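Worksheet: one structure, shown below.
The values are calculated or read from the model by the stated rules, or taken from the named source; none is laboratory data. Quick caveat, the model's predicted, so the values are computed rather than measured. Positions of Cβ are generated from backbone atoms using ideal geometry, with glycine treated the same way; all protein chains shown enter the neighbour counts.
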Amino acid sequence: MNADLKLAFESIIEKQKDHTEKFNYYDGQQPLVYLTYRLREIFQGLDIEFMDNWCAVVIDAVKERINLTGLNVPKAHQNAMNKIWTLNELNLEADEVHESALVTGEAFMIAWPDEKKMPKAYYNDPRLCHSFYHSDNPRELRMAAKMWVDDDGYYRLTLYYPDRLEYYASTQKADQVSSHKSFKAMETPSAKNPYGKIPVFHFRLERRGRKSDLTSVIPLQRGVNKLLNDMMVAAEFGAFKQRYVISQVDVSRLKNAPNEVWSIPGSDGTGQGTEVGEFGATPLQNYIEAIDKLAGDMGRITRTPKHYFYHQGGDPSGEALIAQEAPLNKKAQDRIEKFSSVWRRLGSFLLELKGINVNPMEITPVWDPVETVQPRTQAEIRLLDRQSGIPLITVCRRSGWPQVEIDQMLQEAEADVEGLGERILSAFDKGK
């Protein structure tokens, strides 16, 4: 039996539970966790659970700052790259890739020509794919795998090598498969890979292993949910002051209504005296303070400003906002640098599928600026750059303009110059 088949099956199965848990926490599907079995037993009959999904806040705060707008390539091939970008809706695929990488620590894109020989690239769920690297060169892929359930309910598994692709299918339904031994080669067992490169592109946050941005957040999120539910239970049973009456007479006829006066006989002198009073309300502030403490911890661990979790009095000024978000921006920039190298390789491979050879180092991913900058401030920065002698094209590129918009600007500027020249000549001919 193929050793790589066994390795691929076991590796994909092994990580599915962990990845699913992280996706669930990000989506807000979070189980309520108690510290002891006895508490779980008592509260298992609750009709409703409360949660404050801060996992999504942590992920979205970074994802919103990672926006890929295009791939700049040498000018002779820019139109081809733009067509590939549009055809594959890579702006949408990129959002899926970045979200998955932040949530689970990894994401995958697979590229291959379709029946019409057009380059196609798709985001793939990390629970279905796995990459294997050479032990002596951890940056070079040795093999990649994808395993999924087909429309008939059977597993399909593809192994990707630099020189070939191998195809396998399970002999049993997917829910009955427990071992790689349930797989056999398909009728067409393999296909040649004429490109000499593995068409699987692995985005990851850390090279030493899978490390999600939620790894340190989930334990705190569980604590937040626990405290929030405890607070709601306390609010249900103890947040309102409760009044009591101790009396020897029947008080069942007493009505609790506006303008109602209760007449309660006193003690007969032999038993418990008549007494009225109230129980104090259960304070909820201690829960709020504990949740606020966890919010601060979560913000420090993930570099997320606290105003993302709780609204604070007054809106921060532009400069204060820049200072508060500086650690978050640095984190987002680190993610961009790690993703950029993979996008370069993917862009180069997509052009190769079109018959165009471009070195990955000649490709520049274009990202929106990660900083929160006011429009007026941005305009002043561009003006100062131009006054210091920086070319307009460079200024636009630094501002995150894709090449197609830069080209359009140059064409419109050239048209304006030609139009101005024609107007000057026309005025000269008229003797003006």
Quiz item: Looking at segment 289-332, which of its residues are modelled with pLDDT under 85, more than 20 Å from K63 (Cα to Cα) and of a type in the set (G, A, S)?
Solution: G313, G314, S317, G318, A320
Exercise. Only one of these is under 29 Å from Y310 (Cβ atoms), at pLDDT 95 or above and basic (K, R): K83, K120, K63. Name it.
Key: K63
Quiz item: Within segment 105-119, can you find the residues that are in a strand (DSSP E or B) and either farther than 12 Å from F349 by Cα or without any contact (Cβ under 8 Å) to a residue 40 or more places away in the chain (or both)?
Solution: E106, A107, F108
Quiz prompt | Candidate set: segment 59-89, residues that are assigned to a strand (DSSP E or B) and not small (G, A, S); chosen: the one surrounded by the most Cβ atoms within 10 Å (Cβ to Cβ) | solution = L71
Quiz item: Could you count how many residues in segment 1-49 are more than 30 Å from S179 (Cα to Cα) and either at pLDDT below 80 or among the aliphatic types (A, V, I, L, M) (or both)?
Solution: 18
Self-check item: Selection count where residues are more than 33 Å from the chain's Cα centre (by Cα) and either in a strand (DSSP E or B) or not assigned by the TED database to the domain that holds S100 (or both), scope segment 165-203
Solution: 12
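Can you go through V261, V245, V249, V224 and tell me which one is farther than 30 Å from D27 by Cα, at pLDDT 75 or above and outside any strand (DSSP E or B)?
Details: V245 fails: outside any strand (DSSP E or B); V249 fails: at pLDDT 75 or above; V224 fails: farther than 30 Å from D27 by Cα.
Among V261, V245, V249, V224, only V261 is farther than 30 Å from D27 by Cα, at pLDDT 75 or above and outside any strand (DSSP E or B).
Per-residue answers, yes or no, for (1) modelled with pLDDT under 95; (2) over 22 Å from V57 (Cα atoms); (3) not basic (K, R):
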{"residue": "H202", "(1), (2), (3)": "no, yes, yes"}
{"residue": "P219", "(1), (2), (3)": "yes, no, yes"}
{"residue": "L228", "(1), (2), (3)": "yes, no, yes"}
{"residue": "F240", "(1), (2), (3)": "yes, yes, yes"}
Quiz item: Can you tell which of S135, S212 is within 30 Å of W54 (Cα to Cα) and in a loop (DSSP other than H, G, I, E, B)?
Solution: S212
Quiz item: If you go through segment 139-191 one residue at a time, how many are within 18 Å of E10 (Cβ to Cβ) and among the aromatic types (F, W, Y)?
Solution: 5
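Among the candidates V251, V261, which residue alone is β-branched (V, I, T) and surrounded by 11 or more Cβ atoms within 10 Å (Cβ to Cβ)?
V251
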Quiz item: Does S131 meet the test of being more than 31 Å from the chain's Cα centre (by Cα) and crowded, with 16+ Cβ neighbours inside 10 Å?
Solution: no
Quiz prompt | Subset tally (residues that are assigned to a helix (DSSP H, G or I), in contact (Cβ under 8 Å) with a residue 24 or more places away in the chain and closer than 30 Å to K306 by Cβ) for segment 324-375 | solution = 13
Quiz item: How many residues are outside any loop (DSSP other than H, G, I, E, B) and either of a type outside the set (A, V, I, L, M, F, W, C) or more than 25 Å from the chain's Cα centre (by Cα) (or both) if we restrict to segment 142-152?
Solution: 3
Exercise. Would you check which residues across segment 135-155 are over 22 Å from I198 (Cα atoms), loosely packed, with under 15 Cβ neighbours inside 10 Å and not charged (D, E, K, R) and list them?
Key: G153
